[in-house]
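The values are calculated or read from the model by the stated rules, or taken from the named source; none is laboratory data. Every value quoted in this text rests on a predicted model; they were computed, and no experiment measured them. For neighbour counting, all protein chains shown are included, and Cβ atoms are generated from backbone atoms with ideal geometry for every residue, glycine included.
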Amino acid sequence: MGILVQKFGGTSLSTDEARRYVLGHISRERQRQLDLVVVVSAMGRKGEPYATDTLLSLIHEHGDNLPPRERDMLLGCGEMISATVLCSILRSNSIPAVALTGGGAGIITDSQFGRARILEIRTEAIHKALQEGQVVIVTGFQGVTETGELTTLGRGGSDTSATALGAALRAERIDIYTDVNGILTADPRIVKDARPLSVVGYAEICNMARQGAKVIHPRAVEIAQQARIPLRVRSTFSEEEGTLVTDSLDAEQAAIVRDRYVTGVAHVSGVTQITVHAQDGHSDMQLHVFQAMAHHHISVDFINVNPGGAVYTVFDADADQAVAVLNEIGYYPKAVSGCAKISVIGGGMNGVPGIMARIVEALTEEGIPILQSADSNTTIWVLVREAFMAKALQALHAKFSLHQ
Ligand code: ADP
Ligand code: ASP
Ligand code: MG
């Protein structure tokens, strides 16, 4: 029998009603005679009982002095609650099921607590349970070190658990169930007429995910791509099939992909633009600036270096430190906080003239100043003030007719 991996995100598990939908998707696929491995996230979102952010708030109240190892022990509880509750629901509906922790499912990681990388998956325990006819429920987002310490994979890591398990088990497909109808042309919370993409390649989705489309984790897409396993992103709350991510397109699908210049828009908010001007007598300015950022572990993005100076972005949370560090070494940067990086993404834009002109047109028509821009052959980025972010996304979405 083939294996199907189903992953259910936080909102898909947060209420009794939501869990009834989950039960429906599991029952339906079981009737198709597939062996099922079900990966679960912690229930709900920030503020809701047992959500990852809620667990984190328990320690923030005390000044958050918990070491990373113990913090992972706490965070791991959220997924364990989901897995055991779902196990109980399946069993009370006469579906044989077993719940495994990440370690129990054989997910071995390195010991970078809070951002562990999967080293290996030992699938014996899963295969044994599948042979016994059980639905195997696995806690997402976690693994175990060789010495038995629980680790977590970084925020949004349940998607990675699902695709890594799918790859290790040579699954037929990996289905990511969430609260929206697939991967959309923009975040539907901001662009109301965003539309689900029906079939897309891995590279494009990986790019969208890296640029802030948080519906799926980029690492998860990379793993599915390497293993060449199709990925479906769909809603728990509907029967619609959502988005299929694959590179094996039939002729009709391939034609659609080629015709599309722009696939979607994505955003990352909460960034600060830092501008440093070259000064007389500081010929190594660029070297000093970026070495200082690296030395203080400040992640930099949107980098533009020219003989007149350097301009780049950091997360707002790192901005004060970045400015202080630069002041200390004698460069006095200009910092503009509260910016958003907007990405216009499309594998089909490569070599097509006029895309940047349309971007500038869309933003100018709305009176939105562009603070900085850059491009690659599949993406054009613009930096705008966060106050203009929603308007900019809506204008770009409309300019490229992404709702159609
Ligand atoms: P889950 O808990 O199921 O993993 P997430 O909150 O991590 O859910 O991801 C789903 C959310 O991602 C959606 O509610 C949506 O607001 C957001 N999102 C951002 N960009 C996109 C996009 N391009 N397509 C779909 N959803 C997106
Ligand atoms: N519960 C974890 C988080 O909120 C993992 C996940 O949802 O993918 O980051
Ligand atoms: Mg998620």
Problem - Subset of the range 356-373 (residues that are within 23 Å of residue 314 (Cα to Cα) and either under 22 Å from the mean Cα position of the chain (by Cα) or of a type in the set (Val, Ile, Thr) (or both)) - result: 368, 370
Practice task
Say whether the condition of being buried (at least 22 other Cβ atoms within 10 Å of the Cβ) and aliphatic (A, V, I, L, M) is met by at least one residue in the range 58-77.
Solution key: yes
Problem - Any chance residue 156 is within 14 Å of ligand 3 (Cβ to nearest atom) and in a loop (DSSP other than H, G, I, E, B) - result: yes
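Hey, among the residues in the range 38-62 that are charged (D, E, K, R) and more than 20 Å from the chain's Cα centre (by Cα), which one's nearest to residue 126 (Cα to Cα)? Step through it out loud before you land on a result.
Quick first cut of the range 38-62, residues charged (D, E, K, R) only: 45-46, 48, 53, 61.
Subset that is more than 20 Å from the chain's Cα centre (by Cα): 48, 61.
On the way: 48: 31, 61: 38 Å.
Ranking the candidates gives 48 first.
Being at pLDDT 95 or above and not in a helix (DSSP H, G or I) is true for just one of 353, 369. Which residue is that?
Working: 353 fails: at pLDDT 95 or above.
Exactly one residue qualifies, and that residue is 369.
In contact with a Pro (Cβ under 8 Å, 6 or more places away or on another chain) and crowded, with 19+ Cβ neighbours inside 10 Å: is that true of residue 263 in this structure? Lay out the reasoning, then the answer.
Working: in contact with a Pro (Cβ under 8 Å, 6 or more places away or on another chain): no; crowded, with 19+ Cβ neighbours inside 10 Å: yes.
In short, no.
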Practice task
Please state which of the following conditions residue 235 fails to meet, knowing it meets all the rest: (1) touching a helix residue (DSSP H, G or I) at 6+ places or on another chain (Cβ under 6 Å); (2) within 16 Å of ligand 1 (Cβ to nearest atom).
Solution key: (1)
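Quick one: how many residues across the range 29-69 are not small (Gly, Ala, Ser) and not in a helix (DSSP H, G or I)? Please lay out each step first, then the result.
Initially, the range 29-69 is screened for residues not small (Gly, Ala, Ser), giving 29-40, 43, 45-46, 48-50, 52-56, 58-62, 64-69.
Narrowing the set further to residues that are not in a helix (DSSP H, G or I) leaves 32-40, 43, 45-46, 48-50, 61-62, 64-67.
Result for the range 29-69: 21.
Select, from 274, 303, the only residue that is over 30 Å from residue 197 (Cβ atoms) and either under 31 Å from the mean Cα position of the chain (by Cα) or of a type in the set (Asp, Glu) (or both).
Values: 303 fails: over 30 Å from residue 197 (Cβ atoms).
Answer to the check: 274.
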